[in-house]
Amino acid sequence: ILSPSSKEASFHYSENLLEKRNFELHQVYRALEVIAKENDLIQKKLYENSMSIIERKKHILYYDCTNFYFEIEAEEEEGLLRQYGPSKEYRPNPIVEMGLFMDKQGIPLAFCIHPGNTNEQTTLKPLERKIVKDYKASKFVVCTDAGLSSKANKVYNSFGERSYVTTQSIKKLKKEYRDWALDKSGWRMVGDKNPIFYNLDELEHREELKKQLFFKESPFYDEDLPNQRLILTFSTKYQDYHRTIREKQIERASKLLGKPSQATKKRQTDFKRFLKETSTTKEGEIAEKRILTLDEERIQEEAQYDGLYAVATNLDEDIETIVAINQRRWEIEESFRIMKQELRARPVYLSRSDRIQAHFTICFLALMIYRLLEKRLGETVTCSELIQTLRNYKFKHLYGAGYLPTYTRTSLTDQLHQAFGFQTDFEIISEKNMKKFFKKTKSR
């Protein structure tokens, strides 16, 4: 957390800490082998020990996958971790894939590491089985995004006391469900106990409805998923968000109308998808030049889905509960962002598979410590603000006198002092008292 860098750089950084290290660099690298070997035990003990700090609410679990790239071009041999795969950032580097489970409170629960060419849909069940076995969890709801909503995963979470809430792509629905989703009639207001139905066209003329969330639901038939429901929501806020994003993309696309050589689309969500190329004349002859125009049909097609969001579930709960479960899925995406940006889990410089595993075990531990600290402070500060404050928490050692704080007192340092039961920003702290602080914080 304080020095997210290479193992060697962290080792040298530790020379500046108040408690002097009593280990050597070669022991750090040897420890990686032990950490990798005992990874499952470490995760299990982290969970058990965390329960003495905070109540773990594992009746609702969130699962997602991401990838981490290596600062190296060569991949491993087949079957080992470092492999080329579909990078979510379109980098040409080999990658590994991480699957992460998070509980209802946003605290990491368990993780797994797979080769970069692994299909993420196959990673859910093995880690879920581990949670059932090691964490004594049998009744829970698993919430995932559309990329993990395979039929096999849904069927698996239809047995016992498990359930699922998963994002559903509206564009990929069968025609009968897609037509139903795009129908502007038959909508109800979330939280409204009266059976009043609305047409979405009404919202443009009624200001009091624009801040509301609307829904409709339908049985979502599948012979292997008999109790599945399809729930669709709509909000003008989400509609405005879609429109704003598309308008910016159209603006970027318009700047390429006279530059056909730069208009090659790279991915499905690329702004260049709004460009249409014409390479023949009206008479059907081969044109000498490529002509780009805005694809108005594509723009209108996508505009139909503005403000719409769909989930598939077998959970027998009211709409408010299901919406609330799905709305917290952003926290697992934030956890990945914290690991990549604040904790600098990438790029990875290690090459051996066991040391790669250990690297991510350390990152997982750091993420858990950060989340627990965040909960202790009441989630009132940003991640970057909290971590930077911890990094600035420095003292000057006055030999024979003690330690003089050199950091600036802020409302956040006051919160930290209150949370951990000591204060270090008002006077010189004797060496004896500093040792007491060390002992006290370790016991907490």
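According to the square roots a ≥ b ≥ c of the eigenvalues of the Cα gyration tensor, what is the shape class of segment 381-432, taking rounded for a/c under 1.5, prolate for a/b larger than b/c otherwise, and oblate for the remainder?
Prolate shape, in that a/c is at least 1.5 and a/b is the bigger ratio.
What does segment 297-444 give for Rg and for Dmax, in Å, if only its C-alpha atoms count?
22.6, 78
Convex hull over the alpha-carbon atoms of segment 80-223: what's its volume per residue in Å³?
193 Å³
Using per-residue counts of other Cβ atoms within 10 Å, averaged over each peptide, order 57-65, 400-408 from highest down.
The densest-packed peptide leads the list: 57-65, 400-408.
With only alpha-carbon atoms counted, please give the Rg and Dmax of segment 355-411, in Å.
Cα-based Rg and Dmax for segment 355-411 come out at 15.5, 44 Å.
Under a crude label model (7 Å from the Cα following the beta-carbon direction), how far is Ala419 from Arg129 in nanometres?
3.8 nm
Please list the radius of gyration and Dmax for segment 118-203, considering alpha-carbon atoms only, with Å as the unit.
Calculated on Cα positions, Rg and Dmax stand at 17.6, 52 Å.
State, to one decimal in nm, how far the label point of Lys193 lies from the label point of Leu2, with both points 7 Å from Cα in the Cβ direction.
That separation, rounded to one decimal, is 5.6 nm.
Quickly work out the Asn119-to-Lys184 label distance, labels modelled 7 Å from Cα along the C-beta direction, and quote it in nm with one decimal.
The two pseudo-label positions are separated by 4.1 nm.
How large a share of the accessible area of the chain, in percent, is made up of carbon and sulfur atoms when the probe is 1.4 Å and the other protein chains stay in place?
Carbon plus sulfur share of accessible area: 50 percent.
Compute the Cα gyration tensor for segment 294-349, then decide on rounded, prolate or oblate, letting a ≥ b ≥ c be the square roots of its eigenvalues: rounded whenever a/c is under 1.5, prolate when a/b is larger than b/c in the other cases, and oblate in all that remain.
Oblate, because a/c is 1.5 or more while a/b does not exceed b/c.
So if I take the alpha carbon set of the chain, get Rg, then get Rh from the Kirkwood formula, what is the Rg over Rh ratio?
1.03
Can you pick out the pairs among Lys104/Lys193; Lys175/Lys255; Lys193/Lys248; Lys130/Lys340; Lys130/Lys151; Lys211/Lys255 whose Cα atoms lie more than 29 Å from each other?
As for pairs spanning more than 29 Å Cα to Cα, those are Lys175/Lys255; Lys193/Lys248; Lys211/Lys255.
Hey, if we sort Arg243, Arg56, Arg252 by accessible area with the 1.4 Å probe, largest down, what's the order?
Ranking Arg243, Arg56, Arg252 by accessible area, largest first, yields Arg252, Arg243, Arg56.
May I have the convex hull volume per residue, in Å³, for the Cα set of segment 150-286?
210 Å³
Set the Förster radius R0 to 30 Å, insert the Cβ-Cβ distance between Ala152 and Tyr241 as r into 1/(1 + (r/R0)^6), and round the FRET efficiency to 0.05.
The pair Ala152/Tyr241 has a calculated efficiency of 0.40.
Rounded to the nearest whole Å², what accessible area per residue is found for the chain with the 1.4 Å probe?
On a per-residue basis, the chain sits at 56 Å².
When only C-alpha pairs under 8 Å and at least 6 residues apart count, what is the relative contact order of the chain, in percent?
16 percent
The values are calculated or read from the model by the stated rules, or taken from the named source; none is laboratory data. Values in this document were obtained by computation on a predicted structure and should not be read as measured data. Glycine also receives a Cβ, built like all others from the backbone with ideal geometry; neighbour counts cover every protein chain displayed. Each accessible area value is taken on the protein alone, full model and side chains, heavy atoms only, with ligands, DNA and RNA left out. Shrake-Rupley method; radii C 1.70, N 1.55, O 1.52, S 1.80 Å.
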